[in-house]
Amino acid sequence: MDALAQFSAWVASLLDYPLGWLLALPRDVTILIVAVATSLVLTLARKWTTNQDQLRRCRSDVRRLKQLIRQAKREKDKAALKRLRATLGMVGAMRFKAEGMPLLVAIVPIALLAIWAVERLDYIPPKAGRDLVVRAYYPVSSVGQLTHLVPPPAMEVRGHPIQLVEIDPDGQQNGIASWVLRPSAGSGSTELVIRHQGHTARHPVRVGGRIYAPPLVAHEGGKIQVTEAVLRRAKFLGIVPGIPWIAFPPWLVAYLIVVIPLVPVLRRALRVY
């Protein structure tokens with residue numbers, strides 16, 4: 001695990017103390033709560049770190065200046081139009097300067113919340129009694145060779161533990177082998193062991209809990225490159241998709257769908273300018 005992954009895992013583990021109860025709720029509710037909390041942080045940070053009276057007057061000034069600009073256009077008063085636009089620019093610059101401090105204050109709690117959400121909300125933890133697909137990826141030179149899964153006692157292999165490495169049909173650039181496991185109620189936190197040509201890869205799995213182990217694990221210096229436990233991704237309402245080409249998982253898309261319109265609604269409701 002690289003340093004960034006270790007840091008993210010450490011932050012998520014630390015935030016499990018105040019936020020872990022959210023994982024007991026339905027995933028849609030958890031995503032909604034996280035999105036609302038983010039919107040509140042952004043709104044309250046603006047309220048507490050800016051001169052609200054000045055921003056309120058700026059908004060009134062902008063509204064009035066726009067009215068005067070429309071009037072000057074109708075009257076074709078170029079001098080007045082130039083003067084009004086210059087004034088509008090100065091008011092806009094004043095409002096723009098006020099944006100920095102709220103973002104600076106909000107960035108740390110939002111970044112920590114985002115790290116926790118990335119580590120905890122992207123997938124649904126595997127359940128006891130339900131099939132779990134495990135895959136291992138190999139170099140092309142391993143195609144046609146045998147590989148062996150050593151399951152823990154609390155998991156049943158549905159098929160043969162010894163498989164033949166085949167060419168990956170999706171990319172043709174590597175070998176792949178897969179197994180179907182059926183975890184029992186006593187699986188809990190465990191470890192899968194995969195062997196191939198004298199090399200061993202270990203893949204952690206958590207079954208039946210609120211937290212899932214990382215679905216993808218990279219392995220260095222051996223014939224087994226990556227192992228994967230295929231987990232179901234969380235989709236808000238079961239329908240909101242991800243955006244793969246910009247690496248946005250489904251939960252993040254749903255999160256943004258809630259946060260982006262909710263921030264102005266909260267600002268209006270709480271009279272934050």
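The rows are residues; the columns are (1) assigned to a loop (DSSP other than H, G, I, E, B); (2) on the phi < 0 side of the Ramachandran plot; (3) exposed (fewer than 15 other Cβ atoms within 10 Å of the Cβ).
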| site | (1), (2), (3) |
| --- | --- |
| Asp170 | yes, yes, yes |
| Arg182 | no, yes, no |
| Ala185 | yes, yes, yes |
| Val205 | no, yes, no |
| Pro214 | yes, yes, no |
| Gly221 | yes, no, yes |
| Trp245 | no, yes, yes |
| Arg271 | yes, no, yes |
Original post:
Under the condition of being touching a residue at least 60 places away in the same chain (Cβ under 8 Å) and within 13 Å of Asp122 (Cα to Cα), which residue from region 253-268 is surrounded by the fewest Cβ atoms within 10 Å (Cβ to Cβ)?
Top reply: Tyr255
Original post:
Does Val272 meet the test of being β-branched (Val, Ile, Thr) and within 27 Å of the chain's Cα centre (by Cα)?
Top reply: no
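Anything in region 111-128 that is surrounded by 15 or more Cβ atoms within 10 Å (Cβ to Cβ) and either small (Gly, Ala, Ser) or in a strand (DSSP E or B) (or both)? List them, or say none.
Correct list: Ala114, Ala117, Tyr123, Ala128.
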**OP:** Please specify each residue of region 31-63 satisfying the condition of being over 18 Å from Ala254 (Cα atoms) and either of a type in the set (S, T, N, Q) or loosely packed, with under 14 Cβ neighbours inside 10 Å (or both).
**Re:** Thr43, Trp48, Thr49, Thr50, Asn51, Gln52, Asp53, Gln54, Arg56, Arg59, Ser60, Arg63
Original post:
Quick one: Asp131 ticks every box in (1) crowded, with 16+ Cβ neighbours inside 10 Å; (2) within 28 Å of Ala254 (Cβ to Cβ) bar one, so which box is it?
Top reply: (1)
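We did not get these values from a lab; they are worked out from the coordinates using the rules stated. Since we're looking at a predicted model, the values are computed, not measured. Virtual Cβ from ideal backbone geometry, glycine too; neighbours counted across all protein chains shown.
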